[in-house]
Structures are given as structure tokens and as C-alpha cells.
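What follows is one structure encoded as C-alpha cells, with my remarks underneath.
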Amino acid sequence: MRVIRNIEFDLQRFRSRVVVVSGFILVAFLLLVLRLFYLQVIRYEDLNEQAENNRTAIVPIVPNRGVIMDRNGIVLATNYSAYTLEITPSKVVAPLEEVIEQLAGVIDIQSRDKRRFKKLMTESKSFESVPIRTRLSDEEVARFAAQRFRFPGVEIRARLFRNYPYNELASHVIGYIGRINTAEKAKIEESEDAGNYRGTDYIGKLGVEQSYEVQLHGTTGVQEMETSAGGRAVRRLNSSQAVPGNSVVLSIDIKLQKLVEDLYGKRRGALVALDPKTGEILAFVSKPTFDPNLFVDGIDFENWQALNESIDKPLLNRALRGTYPPGSTYKPFMALAALQTGKRSEKTLIPDPGFFMFGNHRFRDDKEGGHGMVDMYKSIVESCDTYYYTLARDMGVDLMYEQMKPLGFGQITGIDILGESRGVLPSTEWKRTTYKRADQQRWYSGETISLGIGQGYNSFTMLQIAHAMGTVANNGLKMKPHLVREVLDVETKTATPVAKEPVGQLPLSPENLDVIKRGMIGVNIEGTSATSFVGAPYVSAGKTGTAQVYTVKQNEKYNAANIDERMRDHALFVAFAPADDPKVALAMVVENAGFGAQNAAPIARRVFDFVLTGQYPSQEDIEAVQKGQATRPIGKSRPVASVPWPPKNLDSSEQEAAADAKASAKADAKADAKIDAKAEAKNRR
């Protein structure tokens, strides 16, 4: 049967198909045009940037960290370049442990290196390189270079390392740098300065390194490199150089700092010496110290454990954070408050039978039998406790608080390093807000009495006490204490001094200040610290103190020989000199050392000799002071300028001089012993 085709129908169907296909092609073409428009016009800038990034790489140039110097230009923190062996975990193809073991066959890798590497791994991301060995020798670099093909993801890098050339000296002032941890990294990324820390692995962690991080860090530079498809650098397209960090000049004299640290020896304690007219700190000592170089590469477990668990707490900045009862060093400030409030006059006489009765409690005086009739001058020179027991009762805790707060007791001084403790200046309000139970919140009258002699709840830092002493020496003009003298711009060579404007003028009567100063001068001439200042070519003012660590029962007598060493009294001393035109004021404590006259005042004498006369004690004298066996200087002092720097061991000529000094020291010691015997009864105040 023959089929007849409908040509018209077939043509119509063909045309329909052509239209459909043409429409599809047109739509597809329009979509391509729209996509092209979207990519070439709307997203041009974004895609162009991505393409440029694929072609180029931005490499940060880490700036040299600024140096830290003392007031005389001696460099205390600097940088040096060294090679490090680093692993990028995300690029390692074999198990990490195997890679490290294989590396140990090429480069010496100790167990402590592995432990530090694991610790740093926890603080880093997988695509970041982590050092496993630092400070490689040239031989080690060459050995690894020959074997590099075996270790994908492992490379040698040249890095700058921080160096503290004098190790433990002034470590609490200088601080240290360490690797940026996760918390610090998050804080940096949220800040406006995030771009300046690209490629930076280290940041200041303590002391001046931390507080002056902005000035020391510098400005990060960049290199824009053209790269191949494989990521290899082809050529440099553009670059901006890194700007090194500025130099920070401290106000401390590192020779004086070392002298004081040497005088403390192995004893614990703190000393702050400052210029009362400017607030510049000349020495800021906390003993024991630590070596900041241990932290630069990431401290290993053994060293960290030794520092962190030591009973001596070497990581504690005692000058900044340690708080102590001021003991009898508080008495001149109490006397000044008494004059200012009218609670006492200079001539007011107080009978001292050797004790003070408050209710049924007997508050003992330091001198058995008492001091007799005591006026204000005698109360300071002989350190009469009974005088200040009665004064505390008459003033009351809140009036004492009102008078002591402006001097800076229990207040933040605002020194230019972080971590300062506030201490405790008690008041009824303080007790209400500090304790939870109602019976603890109540202030009892008996608690007021011991405040007068610097005991009880009183607890201050040496920085606060030195600041208060400087304010009194400066006739009530308060200066903000600071450790940094100026910042030097490395490019312009200009120096920006730290502001020395007064914080304020306290309304202290000049006549009242003169009374206190005369009393403190008497302490160093005929009082408890007189033997330390025999022969001094200047007039100084001071006050010894002995602060109880624990309370002796009423029926007991204090006997250091029968008490655990760490429970013995602290030795304190405050002073300024010259008395008529003060250039240095200080406060210090020697922990658990006993009498302030025997163990604290001798150190202050050497500080004054250094600052005012340019004299450095003999080695014989330093060793005697370390043992608490010298009050006034013994042996032959040396000009400060003649003391060798960097520090070194005694040479033969100095050893001979020390031997000669030893002979003359015996004669001096005999003379001192006679004077000390008379003053022994006064010493414990």
C-alpha cells in the first residue's frame, strides 16, 4: 500500500523545530552575554584582583624591633639574625612523627625541642610554619640543604631573634618577647593595627617590651612578587621597606641597677629609687630575677616548671606587684597627717611606759620599759610605737584614709608598665565592700591601733611607698613615676621625652613638712640607721622599719632563731637625699631579713653614694652587705666611671685591692660594732 506524505505538514514541523532550536540558541547566547556582562562589568574589580593575586604574591617584610637602652645609652635589648628549621604541618606528606625522627638524623633535635614544637603547634594553624630548631650553625644549614629533597614542608628560614645581653639583670623592668598566642592573635586581628603584624610571630609579653610594643614594633613592609603557575617567584613588581621600631631609652641607670641587685645577693625583696623632681625611676629592683632569653624561642617545660614552681617566685615583680606592711616606715607619714589635721603638734608630749592598753589588749612597744615622754621628733628618731598607737586611736581609720590616699597609698601610681597592684589602704568602706559576712564587714576599734605603726590591714607596694616618699621630699609636688625617659625615632633621630608635668600639688604646710624632714634627718644622724651613714659627705633623711609577717603572742618574745626563715620580719627602709635638695628618694624591703637598720639601710647608703658622689663600693663591701655584716661602707670605694662594663670577674689587680681592703675593713668593723651595740635596741622598728 502506497503512503502519500503531506509535504506541507513536514515543512511546518521542520520550521517549528528550527524556531525552537533558534530560540534555544538565542537564549543560550543571551545567557552568555549576560554572564559576560556580569563578569566583565559588574564583578570586574573583584575578579581582576583575584587574577592579580594569582599572578602575584604579597610577602610581608618584618621590621627590626627597636632596641632598649638605659639612660646612658647601654643597650639592654637588641636583635640578631639566625637560621631556624621550620615545619609547615599542612605540607608534610609523611606522618609528622616520622618526619621529625628523620630530621633528627640530619640536625641535632633534642627532647626539649620536640616538646616546645608540640606546644607551639597547639598555638598555630596547620598552614603556618612552626620552628623545631633555632639558631642553626652554618654546618647544620649545609647538611640540611643537601638533604632537603627528602623533607617536603620543611625549610630553613632566616629570622631575627631578640637578645638580652645581660641575662637576668633588670629582667622585670625590660620584660621579654614571646610567640603570639591564640588570644593575642585574635586581639590583633580585631584591632586597626592587624596589617602591621603580618608575618610577625613575636610580641612583647612583660615590662617595657609589652607596654611600649607600639613604639618598639616598627612598621611592616611588603614585597609584591610576580609568580609562576607553580608559585615560584619570577620577579619583584613593587615593594615598600619595613620601618624599624623606635629605640626606647629607660630612666634607670643599669650600673646602679646591677649594684643593687648584687647587694641583695640571694635575698628576696624589692627597691625603687626615683628622682622626686621628675618622677624618673633610677633603679627598679625585684629579687630574685629570671633570664628573659629563656622565653624568646618558647620556654621549655623544665625551665618553666623551675620558674613557676619556685618557692622564691622569681617571676613575681615584687617592686610592682608585691605588697607589704610598711612597718615603722609609715610613722613619718602618720606624723605628717597628725600635724595636718591638728591631732598633734610638734611639741605634744606622750608618755610611753613601754606599752599601750586598749581595752583588755596590751599593745607592746619595741623598747621594754618605754621611751619616757615622747614628742614628735623623738617619736620618729627612736621609732616609738606607743606614740603612734595613741595617734591612730585619736585619728580613727577613716581620717587616716583621707590623709594617706592623696600621698598615693593604696592607689595606682600610673607607672608606664602593666600589672601594678593597688595594695590596701584600709577604711570602714573598704572593709564593708571586701568581706561578705556581716561580722567581718564591721570595723572594730581595736583594728585601728596597729595601723598607726604600719601593720594591720596596711599593705603597699614599694613603688607606692617610694612615690609617697618622693612627694614628701618634693614638698608635696606629686610627679608621675616612669621607667622610660624618651623614645628615639630611628628615621628622624628626634627624641620624644616622656612627659614630666606634675600630677598635682598637695596642700601640705611647709612648716609641717620641715618637722617631718628634721625627724627623718635625725634618724640617719642619731637614730636607728645612724651607723649606715657615718662619714657620708651629704645629709640624708630616712626611716627604718621592721614589718611583722605573723603576730607574736602577748606572752611571747620575738626570736628570729626560733622561727622559720620565711616567717621572720621584713626589713624596710625609706629615705631621700640630699635632705635640703633631694635628688633621689627610695623605698625598699628585704624579705624576712629582720632589722631594717642592719639589712636595708646599708643598701640605701650605697645607692646614695652612687647617685650623689659617683662612688661604687668595693667588692669586699658588697659581699659584706649581702650577708648583713656591714652598715657603713668598708674598703676602698671606686669611681663609678672606673667600674668595667660589660660586667666581668675581678682581675688580678682588683683582687689585690680587695685583699688590702679586707685588712682595713676589720678596723672599720670594730668601730662600727661599738656603735651598733648602742643602737641594737632601736633597730627593730
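The values are calculated or read from the model by the stated rules, or taken from the named source; none is laboratory data. Predicted model only: the values in this text are computed from it and were never measured. A quick note on method: Cβ atoms are made from the backbone with ideal geometry, for glycine too, and the neighbour counts reach across all protein chains shown. Each accessible area value is taken on the protein alone, full model and side chains, heavy atoms only, with ligands, DNA and RNA left out. Shrake-Rupley method; radii C 1.70, N 1.55, O 1.52, S 1.80 Å.
Values for this structure:
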read-out: Prolate/oblate/rounded label for region 106-177 (Cα gyration tensor, a/c 1.5); value: prolate
read-out: Among 180-187, 335-342, the order from most to least packed when residues are scored by Cβ within 10 Å on average; value: 335-342, 180-187
read-out: Exposure ranking of Lys347, Lys478, Lys583 by accessible area [1.4 Å probe, largest first]; value: Lys347, Lys583, Lys478
read-out: Residues whose placed amide H lies under 5 Å from that of Ile61, excluding near-sequence neighbours; value: Gly221, Val222, Gln223
read-out: Per-residue ³J(HN,Hα) for region 27-40, Karplus 6.51 cos²θ - 1.76 cosθ + 1.60, θ = phi - 60°, Hz, x for Gly and Pro; value: 4, 4, 5, 4, 5, 5, 4, 5, 4, 4, 4, 4, 6, 7
read-out: Carbon + sulfur, % of accessible area of the chain - ligands and nucleic acids excluded, 1.4 Å; value: 53
read-out: For peptides 208-215, 270-277, 302-309, 640-647, sequence by mean Cβ density within 10 Å, most packed first; value: 270-277, 208-215, 302-309, 640-647
read-out: ³J(HN,Hα), Karplus 6.51/-1.76/1.60, whole Hz, each residue of region 240-248, x for Gly, Pro; value: 10, 6, 6, 9, x, x, 6, 8, 10
read-out: DSSP-loop GluC sites (Glu not before Pro) across region 342-443, with at most 16 other Cβ within 10 angstrom; value: Glu368
read-out: Overall form of region 566-657 per C-alpha gyration tensor (a/c, 1.5; a/b vs b/c); value: oblate
read-out: Computed helical MRE - 222 nm, the chain, DSSP H runs ≥ 4 contributing -39500 (n - 2.57), nearest 500; value: -10500 deg cm²/dmol
read-out: Probe 1.4 Å, all protein chains present, accessible-area order of Leu169, Leu103, Leu31, largest first; value: Leu31, Leu169, Leu103
read-out: Probe 1.4 Å, all protein chains present, accessible-area order of Asp262, Asp108, largest first; value: Asp108, Asp262
read-out: ³J(HN,Hα) computed for each position of region 465-479 - Karplus, 6.51 cos²θ - 1.76 cosθ + 1.60, integer Hz, glycine/proline x; value: 5, 5, 5, 5, 5, x, 5, 5, 4, 8, 6, x, 7, 8, 10
read-out: Compactness of region 294-344, expressed as Rg and Dmax over alpha-carbon positions, Å; value: 20.4, 60
read-out: For region 373-516, size of Cβ-based charge dipole, Lys and Arg +1, Asp and Glu -1, in debye; value: 460
read-out: Region 433-500: chymotrypsin sites (Phe, Trp or Tyr not before Pro) falling in loop per DSSP and having at most 10 other Cβ within 10 Å; value: Tyr444
read-out: Listed pairs Lys277/Lys480; Lys287/Lys405; Lys347/Lys378; Lys287/Lys313; Lys378/Lys583 exceeding 21 Å between Cα atoms; value: Lys287/Lys405; Lys378/Lys583
read-out: Heavy atoms of Arg638 accessible to a 1.4 Å probe, total area in Å² rounded to 10; value: 50
read-out: For region 172-327: rounded, prolate or oblate by the Cα gyration tensor [a/c cutoff 1.5]; value: prolate
read-out: Where the chain is the region considered: accessible area per residue in Å², 1.4 Å probe; value: 49
read-out: Percent RCO, i.e. relative contact order, over region 407-485, from Cα pairs under 8 Å lying at least 6 residues apart; value: 44
read-out: Compactness of the chain - radius of gyration and Dmax, Cα, Å; value: 35.4, 153
read-out: Förster-model FRET efficiency, 22 Å R0, Leu349 and Asp514, C-beta, rounded to 0.05; value: 0.65
